[in-house]
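So the structure is just underneath, and the comments pick up after that.
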Amino acid sequence: MIPSTNHPVIVVGASLVGLSAALCLASHQVPTIVLEKHSGKSQHPRAIGFTSRTMEIYRILGIENKDPAPEDFKLERAHVESLTGKWLDESSWSDTERKPKVEKPVKPNPRSSGPKKEYSVERASAIPQDKLEPMLEALALERGADIRRQQKLIRVDQDQDGVVATVTDAEGNEQKIRGSYLIAADGNRSTVRELLQIPRHGRGHMQTLSSVLFRAPIEQWTKGFFQFDIGQPDLKAFLASYSDGRWALMFKDAIDRDEQALRAAIYQAVGRSDFPVEIITTGRWELTALVADTFQSGRIFLAGDAAHTLPPNRGGYGANTGIHDVQNLAWKLAAVLSGKASAKLLDTYDSERRPVALLRHDQIFVRADYKIHLDTATPAGEKIDDDAMEFGQIYLSEGIIGADKSLPRAKKPDEWNGQPGTHMPHFWVLKNGEKIPTLDLLGQGAWTLISESDKWSEAVSTVNESSSIPLEFVHFGNSVQLVHGDDFQKHFSVSQSGAALVRPDGYIAWRVEALPSNAAEALKGVMSKVSFSTGGPQI
Ligand SMILES: Cc1cc2nc3c(=O)[nH]c(=O)nc-3n(C[C@H](O)[C@H](O)[C@H](O)COP(=O)(O)OP(=O)(O)OC[C@H]3O[C@@H](n4cnc5c(N)ncnc54)[C@H](O)[C@@H]3O)c2cc1C
Ligand SMILES: *[C@@H]1O[C@H](CO)[C@@H](O)[C@H](O)[C@H]1NC(C)=O
Ligand SMILES: *[C@@H]1O[C@H](CO)[C@@H](O)[C@H](O)[C@H]1NC(C)=O
């Protein structure tokens, strides 16, 4: 029997990415039903580093960054025999090579790399995933998400009009749930991806690690470092902090250890045994790098680990990439569901997000942490700057005008200067006398034309009035002022009369160097193409 209720979007998986999807969709007034097979949370905190770009997305969703990393913080990793024994060297996450051997323990000096360009209003956050998820869940519930636990998806069907998810509850009762679209945020072993038989490619399985999560007061010996490579003839392990008294020791082997052996290893890693240790849980963890061959099948979209499983690295490609996926998808689904945009807009999700995941996959293996796993058959690619990877990966799709394959796949924001396909640059502006970041200029769900010339005002009003898709105008020099000495034309590489068109997700869809002769006509044509508006604005 086909159920009568039709949910606009069904999300499978109520973990990091599924909950972020529900929140992004709620911000566009799209209700969701979220199906999760488990009754509770996993015991392991998993990821801890959430990047500035992720925190920008959460800022727009109204989630405050309560644990900002210190300014200019870089995750350094120390190579030691043990915490209280010999310190060998340290490796910065942005360096592909280890730094020269250090003679004595050193404090990390995040400022040693000189003044860093400011690329974001937000700082990265050090919050364990098992503390972030309950926060996201509470907010999603508050904003109307229908989260159903102990609902395991076992089958998915789709036709021209929608999708049907078949789920079973704890007692094995089957139920069919109908929706217009489905987001598979069901993780690395995605049931949806497997049912759709979407293959994955990549470096594949690299290593199986066994791990122990424990609580112990060892900060007194860590000299401010959060991660350690422990190297002793009979102990090769990785030790990482969750910044809340919890630590994970990961053995570079798959041996099962009993409690006594685990305690002994923890003491050995620290180099002393005069402190209390509470063992929380043990686990086994596979390092895998795989990207799905497509992120879309009709009305079904893969996001997060279901689409790309990347080993955690210090650039934050694992968990963060999935949050960026759903930010890209949410406004598109909202526009199509409301009838304002054609379903073709949804095809840009795969064209924009899959290359991002593929590049991250390749970049992981040219960085220090995973270089040893590089397949010797595949030549190492060129290492791309970390800021370029975080803030400057370009989108190429039918929804972007003025970007093609001849461009590099990532550059720093101040090298792109408003290139279509990249995120609008961050700088500070004055609005009603208040200093705000450019990010806060964007209206929720609206498109924005930004220019220094008031000549665009009429064109924007004309296009806005005649289209179902909201278009706002931000006029630099009037409602919004530059901070003294700043240069708008340089930020966007346009002249005084030029303009940039920014999508609801903050990406630039089009840019024009100077005011065209019939601005309204030009803007109308551009909007109709890049927003995939149904019918298009009538002037
Ligand atoms: C031990 C460990 C440590 C990690 N450390 C880091 C780190 O330091 N940095 C980093 O960036 N990343 C790390 N990761 C990876 C990070 O946790 C994942 O990238 C992230 O959780 C992906 O989120 P997701 O929502 O896509 O998938 P998941 O978190 O895997 O969630 C998928 C959800 O879908 C549910 N589900 C699956 N199948 C079904 C079904 N058929 N029906 C209903 N529900 C279903 C699952 O129960 C689960 O809740 C770590 C992972 C592990 C396991
Ligand atoms: C991901 O899934 C594959 C099989 O689909 C498995 O081999 C691998 O170990 C898994 N990786 C993680 C990190 O769970
Ligand atoms: C665009 O239209 C909406 C109403 O549809 C209106 O609220 C808004 O002020 C308009 N903006 C511009 C720049 O004309």
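The values are calculated or read from the model by the stated rules, or taken from the named source; none is laboratory data. Computed from a predicted model, the values in this text were never measured in an experiment. Cβ sites come from the backbone with ideal geometry, for glycine too, and all protein chains shown count toward neighbours. What goes into the accessible areas is simple: the full protein's heavy atoms, side chains included, and nothing from ligands, DNA or RNA. Shrake-Rupley method; radii C 1.70, N 1.55, O 1.52, S 1.80 Å.
Structure notes:
- Relative packing of peptides 162-175, 122-135 - highest average C-beta neighbours within 10 Å first: 122-135, 162-175
- Coupling constants for the range 121-134 follow from the phi torsions by the Karplus curve (6.51 cos²θ - 1.76 cosθ + 1.60, θ = phi - 60°), and in residue order they are 6, 9, 9, 4, 10, 9, 10, x, 4, 6, 9, 6, 4, x Hz; glycine and proline get x.
- Helix 519-530 and the long axis of the chain differ in direction by around 40°, with both axes built from C-alpha atoms.
- Between helix 347-364 and the chain: long-axis angle, C-alpha atoms, 0 to 90°, nearest 10: 30
- Segment Asn478-Asn432, length gained on full extension (0.36 nm per residue, minus Cα span): 15.6 nm
- Averaged per residue, the chain has 43 square angstrom of accessible surface, using a 1.4 angstrom probe with ligands and nucleic acids left out.
- Charged neighbours of Phe214, selected by a Cβ distance under 9 Å, balance to +2 (K, R count +1; D, E count -1).
- Considering only beta bridges that DSSP places wholly inside the chain, some 75 percent are antiparallel.
- Gyration tensor (alpha-carbon) shape descriptor, the chain, a/c threshold 1.5: oblate
- Filtered GluC sites (Glu not before Pro), the range 327-413: DSSP coil and at most 15 other beta carbons within 10 Å: Glu382, Glu398
- GluC sites (Glu not before Pro) restricted to DSSP loop in the range 31-84 with at most 12 other C-beta within 10 Å: Glu64, Glu71
- Within the accessible area of the range 190-252 (1.4 Å probe), percent carbon and sulfur: 51
- For the range 492-497, putting each phi into the Karplus relation 6.51 cos²θ - 1.76 cosθ + 1.60 with θ = phi - 60° gives couplings of 10, 6, 10, 8, 4, 9 Hz, in residue order, rounded to whole numbers and with x for Gly and Pro.
- Listed pairs Lys117/Lys371; Lys371/Lys405; Lys117/Lys344; Lys37/Lys340 exceeding 31 Å between Cα atoms: Lys117/Lys344; Lys37/Lys340
- Portion, in percent, of the accessible area of the range 392-531 that falls on carbon or sulfur, probe 1.4 Å: 45
- Global geometry of the range 389-539, whether rounded, prolate or oblate, following the gyration tensor of its Cα atoms and the 1.5 cut on a/c: oblate
- Over the chain, dividing the summed -39,500 (n - 2.57) contributions of all DSSP H runs of at least 4 residues by the number of residues returns a 222 nm mean residue ellipticity of -7000 deg cm²/dmol.
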